[in-house]
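Below: the structure, in structure tokens.
The values are calculated or read from the model by the stated rules, or taken from the named source; none is laboratory data. Given the structure is predicted, the values throughout are model-derived calculations rather than measurements. Note that each Cβ is placed from the backbone with ideal geometry, even for glycine, and that neighbours are counted across all protein chains shown.
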Amino acid sequence: MSEPGALRTRLELLAREVAKFGAVGAFGLLVNIAVFNLLRHTTDLQVVRASVLATFVAILFNYVGFRYWTYRDRDKTGRTRELALFLLFSAAGAVIETGVLYLATYGFGWNTPVQSNVFKIVGIGIATLFRFWSYRTWVFKTLPAKEAVLSGERFLEQRRPTEERVAPDPVRN
């Protein structure tokens, strides 16, 4: 495959991955915001605690969507490792998300329902960039591509005859 063709294929695959990640993330966002507002309006929980609980519910929802739809073709071995890494990076994303809300609420005193929702969404947006990178890099690892394997095998086949043609020097051995 030519360089431009290979690049185009990789970009198309990345675009599909981003679209699927975004679709699962959009539903996760709806779950997160719905649970957040439900907790805010039906309990006496503080803003940040309600946000943490809502984020946890969305993380569970997202794992199912990512594992069984977005990254269903990725390596399925080591589910315990995968889940542990997913939770670790999700927790880091939750810290980013909650940190933005915490700063807005307690640092600047922006605590109206509209302000809380705006800064929760801003935090989710920033955390989503981190999560996309970490999930695709560390959690849902790609299996070796067939084309890459075949290309490597062809390269090795081309190298072998050249190396075998050169007779070893009996003086040096």
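Numbers for the structure displayed
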{"read-out": "Residue under evaluation residue 72, criteria (1) crowded, with 17+ Cβ neighbours inside 10 Å; (2) modelled with pLDDT under 90, criterion not met", "value": "(1)"}
{"read-out": "Residue identified as buried (at least 16 other Cβ atoms within 10 Å of the Cβ), more than 17 Å from residue 138 (Cα to Cα) and not basic (Lys, Arg) among 60, 30, 45, 39", "value": "39"}
{"read-out": "Close pairs (7 angstrom Cβ cut-off, 6 or more residues apart or separate chains): outside any helix (DSSP H, G or I) in the range 103-114, of a type outside the set (Asp, Glu) anywhere", "value": "110/104; 110/119; 111/47; 111/105"}
{"read-out": "Meets criteria (touching a Gly at 6+ places or on another chain (Cβ under 8 Å) and of a type outside the set (Phe, Trp, Tyr)) for residue 31", "value": "no"}
{"read-out": "Residue within the range 153-172 that is basic (Lys, Arg), part of a helix (DSSP H, G or I) and at pLDDT 70 or above present", "value": "no"}
{"read-out": "Members of the range 46-79 that are in a helix (DSSP H, G or I) and free of Cβ contacts under 8 Å to residues at least 12 places away in the same chain", "value": "49, 60, 64, 68, 79"}
